[in-house]
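One structure below.
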Amino acid sequence: MNTNSRHIVMNTQRPRIMQKLHKKMPGNMQVLHIFVVLLLLPGLSAVAQSREEALREMTDREFVDYLRAYRSGTLPEETNLAVQADPHSSGVHGRCGFTLGAEVSRRLQSAPPTIANEIRAITAPQAGQVSIVSPSGRFRVHYDTSGEHTPALLNAAGNRIPNTAHAYADSVAQIFDAVYALEVEQLGYESPPYRSGENEYQLYVEAFRTTDYGYTQFGNPLPTGGTVMPLYAAYMQIDNDFQGYPTSGLEGLRVTAAHEFHHMVQLGSYGFWSADTWFHEMASTYYEEVCYPEINDYHQYIQQFVRFPDRPWWQWMPQAGYELALWPLYLQHQYDQFVFRETWENMKQLEPITATRDAIRDHQPHSGDMAADVCNWARANFFIGYRAGKITSPVYDDAADFRKMSISASVELVGESATLTNLLSPLSAHYLQVYSGVDTLSFVVANTDIASAITRSAQSVQYELIVRRAGYDDSYTKLSNGWAYRFNVARENALCVSLVDGGTAAVVERTAPFPNPFNPREFSRMSFPLPRNIPVNRANLYIYSVSMNLLVRKENVAIELDDNTGVFVGWDGRSDNGEFLGSGVYIYMLTYQGGSETGKFAVVTR
């Protein structure tokens, strides 16, 4: 090895899954070969995508047998698709049987009558010996007062309290009313339809024999309601005590209500995107936190996300997308609580990533750029766990309580330089470190290629990150500790890189506008740098054509501080008439109490 440099090529290829089934399912069920095929699929991402595929590839009889064992709690772990979809699973509970419910609905529309009748019998809700109506009149809660399905409240020790079935049912009714009030009346989602012939949403309280918290069960497809994907009127089944769950008792009930009711909203008013159940589950998990920010059941899923930040969003199918709840939480922080609802409005006609891109672009009063948001989101995700204390205002209220983000690769700077090289898929990130003694530079690289993400392209982009402490030229970004770095990428504008932590001494020293040239189609704004020791917090920005016509006058604007960009004034690329500046060279002037800065920059709109 050259003693003057260190070069690391990261290999993220995961080993093939070679587990062997050694338990037999009860009775005469002969479906194990389906799961053997599943387990031998190469690569984690391929397995992750195969949960739904494996369900679809079963014969009707195999599916009925699997469904019966799953619902009765007698399915061996080795044949449980939810478990085998991710061999790195942390053992957390599932949230709901959404994927399985979708397959049930599909089979009911195509299976022979005898098979369809068996499926209906297996999935039929516990009828309940009694029922009550919620205070709003919208929900009917069905439950037993005797037998194994009888609900109960839990005491402080987690034990069932006798004779509390009615109290539990009352709690169910009130909690679902509260969730409806927030998701529909406050946030503006459309109220989901009732099932044919009903004027209440049906809730069934049962003793679950699986690890699921609840089920949202599809009904028959509804007549088209202006959506490209089918609509369904649904009903819900929930556990009768949530005893032994990571979040137990009434707290488990609350987050389940927020989660499952949003599935009803999705299915009833916006359409079911069967190839993108990850988005459905991400949304429902996010609304647990929106409705009950004090409970934090979703933390159990974030511990998986931080282990595999290089997994594209649509491949988060093992736990079905719960792990991605940080994305809508970021959007809430960056914009407000309504931008995500606007995404669902778009999903009546557009697939999820396109719908998200357009919601961000069109959001008012403050619009944005999804590619820039993905880059900033990846940066924000570095500052969780103990690293949350490194910045004054973490994006997430619970940032310090998450597990820290995993470092994808780390290399020592030996001699003058170190190099990290790898491939990165759309909507994924790598976290890299270069160190020498006590100095450590931490970078995040994110693939912000939204167009490839929309097509679900698996094509990765190669990059090279070079860090030097001597022998660099002006093509490198210089740091205050004397080091510098350069980022080379195989496809222009597909990746972004940020220095997220400069260790004891290094910060980026920018002296020119960034990015330059500026393309408003790729970036949401341009940054004009100012000295770090500037004693004021307001400045005036003036932008002129080369013939000195004043095009932009922004006076008394806020001076911002960013760990990656430094001290700067931001500009959205628009002139005073609200239109983006055309391609060309422009002159800018920044004035502030005690000084001024001038220079040139370019705009490229092609």
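The values are calculated or read from the model by the stated rules, or taken from the named source; none is laboratory data. Model, not experiment: these values are computed from the prediction. Positions of Cβ are generated from backbone atoms using ideal geometry, with glycine treated the same way; all protein chains shown enter the neighbour counts. To get the accessible areas, we keep the full protein, side chains included, count just its heavy atoms, and leave off ligands, DNA and RNA. Shrake-Rupley method; radii C 1.70, N 1.55, O 1.52, S 1.80 Å.
Listed values, structure above:
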item	result
All positions within the stretch 421-458 that are under 16 Å from residue 488 (Cα atoms) and open to solvent by 40 Å² or more (accessible area, probe 1.4 Å)	423
Residues being among the hydrophobic types (A, V, I, L, M, F, W, C), within 18 Å of residue 309 (Cβ to Cβ) and open to solvent by 30 Å² or more (accessible area, probe 1.4 Å) - total across the stretch 389-420	2
Single residue of the stretch 215-242 satisfying the filter (over 18 Å from residue 172 (Cα atoms) and crowded, with 22+ Cβ neighbours inside 10 Å) that is modelled with the lowest pLDDT	218
Segments classed as strands (runs of 3 or more DSSP E), wholly inside the stretch 396-480, with at least 2 members that are on the phi < 0 side of the Ramachandran plot and polar (S, T, N, Q)	417-424, 429-436, 439-447
Members of the stretch 321-373 found to be under 19 Å from residue 495 (Cα atoms), open to solvent by less than 10 Å² (accessible area, probe 1.4 Å) and among the hydrophobic types (A, V, I, L, M, F, W, C), listed by number	327, 353, 370
Whichever residue in the stretch 175-192 is surrounded by fewer than 16 Cβ atoms within 10 Å (Cβ to Cβ) and out of contact with any Phe, Trp or Tyr (no Cβ under 9 Å at 6 or more places or on another chain) and, among such residues, is nearest to residue 340 (Cα to Cα)	186
Residue within the stretch 46-69 that is under 27 Å from residue 298 (Cα atoms), touching a helix residue (DSSP H, G or I) at 6+ places or on another chain (Cβ under 8 Å) and at pLDDT 80 or above present	yes
Count of the stretch 161-174 residues which are surrounded by 18 or more Cβ atoms within 10 Å (Cβ to Cβ), of a type outside the set (Gly, Ala, Ser) and more than 16 Å from residue 200 (Cα to Cα)	2
The stretch 524-566, subset small (Gly, Ala, Ser) and in contact with a strand residue (DSSP E or B) (Cβ under 8 Å, 6 or more places away or on another chain), residue modelled with the highest pLDDT	545
In the stretch 512-523, the residues that are surrounded by 14 or more Cβ atoms within 10 Å (Cβ to Cβ) and at pLDDT below 80	520, 522, 523
Residue in the stretch 134-157 that is touching a strand residue (DSSP E or B) at 6+ places or on another chain (Cβ under 6 Å), aromatic (Phe, Trp, Tyr) and crowded, with 20+ Cβ neighbours inside 10 Å present	yes
Index of the failed condition, residue 199 passing every other in (1) at pLDDT 90 or above; (2) touching an Asp or Glu at 6+ places or on another chain (Cβ under 8 Å)	(2)
Members of the stretch 166-198 that are assigned to a loop (DSSP other than H, G, I, E, B) and in contact with a strand residue (DSSP E or B) (Cβ under 8 Å, 6 or more places away or on another chain)	192, 194, 195
Qualifying positions in the stretch 133-165 - touching a residue at least 24 places away in the same chain (Cβ under 8 Å) and outside any loop (DSSP other than H, G, I, E, B)	133, 139, 140, 141, 142, 143, 154, 160
Subset of the stretch 351-380 (residues that are closer than 25 Å to residue 191 by Cα, in contact (Cβ under 8 Å) with a residue 40 or more places away in the chain and of a type in the set (A, V, I, L, M, F, W, C))	353
Failed criterion for residue 516 (all others in (1) part of a loop (DSSP other than H, G, I, E, B); (2) within 19 Å of residue 408 (Cβ to Cβ) hold)	(2)
Scan of the stretch 582-606 for residues that are touching a Lys or Arg at 6+ places or on another chain (Cβ under 8 Å) and touching a residue at least 60 places away in the same chain (Cβ under 8 Å), ordered by number	588, 592, 605
Which numbered condition residue 376 fails, given (1) under 18 Å from the mean Cα position of the chain (by Cα); (2) within 27 Å of residue 515 (Cα to Cα); (3) surrounded by fewer than 15 Cβ atoms within 10 Å (Cβ to Cβ)	(3)
In the stretch 277-296, the residues that are open to solvent by 10 Å² or more (accessible area, probe 1.4 Å) and among the acidic types (Asp, Glu)	289, 294
